[in-house]
1. Among Asn160, Trp203, Asn180, whose Cα projects farthest towards the positive end of the dipole of the stretch 90-224, with charges put on the beta-carbon of Lys, Arg (+1) and Asp, Glu (-1)?
2. Taking 0.36 nm per intervening residue step and subtracting the Cα-Cα distance, what contour gain separates Asp65 from Ala167 on full extension?
3. Taking the highest mean first, how do the peptides 188-195, 142-149, 81-88 order by number of other beta carbon atoms within 10 angstrom per residue?
4. Estimate the FRET efficiency between Lys134 and Asn209 by the formula 1/(1 + (r/R0)^6), using the beta-carbon distance for r and 41 Å for R0, to the nearest 0.05.
5. The stretch 63-132: percent of C-alpha pairs farther apart than 19 Å?
6. Report the calculated FRET efficiency for Glu244 and Glu190 (r = Cβ-Cβ distance, R0 = 35 Å), to the nearest 0.05.
7. Over the Cα atoms of the stretch 194-244, how large are the radius of gyration and the largest Cα-Cα distance (Dmax), in Å?
8. Out of the total accessible area of the stretch 117-244 (probe 1.4 Å, heavy atoms of protein only), what percent is carbon and sulfur?
Amino acid sequence: MIFIACSSWGNLSENAANNTNNILIGLATNLLGIIVTVSFVQHFIDRQDEKQERIEEIASIKRYDRLMLILIKKYVMYFNYVITPMEKRAGFNHLDLKTDFLFEDMCDMYVQTLENCDALFKPRITLFYDSEEKLRDYMIRMIENVPFKYNDKLKDCIMNFIEKSLAYDVRGAILDKINNRTADNQKLSEIIQKEIKDPSNKWLEKALNGEHIGFMLPYVKLYNLMQIEIQLIIEYQNYLKNLE
């Protein structure tokens, strides 16, 4: 309309042309005002929708976290069973988040718990893997059902746990040693226990240097996985504490 108003009007009288120009410019100005107003209102509505989406996403995360806390608690308990040898059980708190454990501390992973009423005679490593799998599966459900549009860091933390759990999964090789024996009837779990317990074997150092460590490789992978997962759980819990 502004373009038309500024153009030549042919045979129109000067007065008529001026009136027409004034009308067109007025309409154009009003339309621009409407566009600005609508844009502002739409922006306000979008901000309100975004705020509501954020609130709903946080509410959804916190609903999932209620069960997540229970699964994490069980995971940490069995995690600590695996990384705490029998001689270190004095003053043992199975709910502490421990990050400074050694490879040698995992030596009693095949020992029965004898303390948990749900599974008195199950090896610790079996209970750990059961809890780890349940936690991972629940995280997968959470990723599938929560959009994480406003909580990318939390999504990355959960995805890292899932990815590492799958990438470092050697449970088949480790659980297979529970009941198997050697040709001379020695229990493989007892042989593994001695190999892990002896620090002079330096299994972690050998693996890091690319040396072939054969049947001990799954245990090195398990140690690395547990180091990664406990840090991710700490990261998850810290994020939830600050989530508003």
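The values are calculated or read from the model by the stated rules, or taken from the named source; none is laboratory data. Predicted model, so just to flag it, every value in this text is computed and none were measured. Cβ sites come from the backbone with ideal geometry, for glycine too, and all protein chains shown count toward neighbours. Protein only, heavy atoms only, side chains kept; ligands, DNA and RNA dropped before computing areas. Shrake-Rupley method; radii C 1.70, N 1.55, O 1.52, S 1.80 Å.
1. Asn160
2. Working: separation 102, 0.36 × 102 = 36.72 nm, distance 2.44 nm.
Between Asp65 and Ala167, full extension yields 34.3 nm more.
3. Details: 188-195: 15.6, 142-149: 14.1, 81-88: 17.8.
Averaged packing, sorted descending, gives the order 81-88, 188-195, 142-149.
4. Once the sixth-power term is evaluated, E becomes 0.70.
5. Numbers: 714 of 2415 pairs.
Pairs farther apart than 19 Å: 30 percent.
6. Values: r = 52 Å, r/R0 = 1.48.
In this case the efficiency is close to 0.10.
7. For the stretch 194-244, the Cα-based Rg and Dmax read 15.7, 49 Å.
8. Numbers: 3510 of 7160 Å².
Here carbon and sulfur together make up 49 percent of the probe-accessible area.
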